[in-house]
1. With no solvent and one equal point scatterer placed on each C-alpha of region 111-241, evaluate the Debye formula and give log10 I(q)/I(0) for q = 0.16 Å⁻¹, two decimals.
2. For the chain, set up a Gaussian network in which alpha carbons nearer than 10 Å are linked by springs, and say which option among 39, 153, 229 fluctuates the most.
3. So what's the angle, to the nearest 10 degrees on a 0 to 90 scale, between helix 104-120 and the longest Cα principal axis of the chain?
4. May I ask you to derive the relative contact order of the chain, considering only C-alpha pairs under 8 Å and at least 6 residues apart, and to give it as an integer percent?
5. Rounded to whole Å and sorted largest first, what semi-axes of the equivalent ellipsoid does the C-alpha gyration tensor of region 179-237 yield via the square root of 5 times each eigenvalue?
6. Highest GNM mean-square fluctuation, the chain, Cα pairs closer than 10 Å: which of 146, 54, 225?
7. Take every Cα pair under 8 Å in region 179-237 that's 6+ residues apart, average their separations, divide by the length, and report that relative contact order as a whole percent.
8. For labels at residue 81 and residue 131 in the simple 7 Å Cα→Cβ model, what's the distance in nm?
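Each reported figure results from applying straightforward, stated rules to the coordinates on display, with no laboratory input. Remember, predicted model here, so these are calculated numbers, not experimental data. Every residue, glycine among them, receives a Cβ derived from its backbone with ideal geometry; neighbour counts consider all protein chains shown.
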Ligand SMILES: [Zn+2]
């Protein structure tokens, strides 16, 4: 089920959107290329002929505006495929070209908003690979634009680290009394795990970032399956030949 962030303090819905055709698994951070309030950003997205919008905006005072509900695809990144799967955020700048800096308040509010988006949409962790394969993407991956500007772009790895730290902390402190089974070539052991929004994660005491159980063996050459009834991850070495 889609929802909107409770961090929103301003709401002005834009007519520029479509229903999503995909689940949300990505966040795209843009810059406004101007020092606009959440109200002023919303005003830009009001005319239909503008054919532009974003799900959220963050201004220099750290206010968060909603323009396109998360259940809908905003018109932000010059790439329908990205915007169907992404929640898009426009962040106001407190300086112009060439650096396009953003304020500390805007930066911190953006990290809080990204954390909230990940928790509500069960995005297990935010990854930045510099390509559209990561769960944090940039406008200039899809079109010739300066967006998100050098200041924000240089901080994408930091944004991921900060959000992932928040995600770990959001599940830390849960008891160590829930276990799942991990079966490796038939040898079964038990490890502490927690369930969030229907997905199983390695207990944060044993991981430095949120790790989905079904992804535990993703980098190994093994066949991996998950049995919800027995709460078991089955990993088998692939047969050769
Ligand atoms: Zn942009």
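1. -0.88
2. Among 39, 153, 229, the largest GNM mean-square fluctuation belongs to 229.
3. 40
4. That works out to 16 percent.
5. 17, 13, 11
6. Most flexible of the set in this elastic network: 225.
7. Values: 95 pairs, mean separation 20.6, N = 59.
Computed over region 179-237, the figure is 35 percent.
8. Here the answer is 1.3 nm between the modelled labels.
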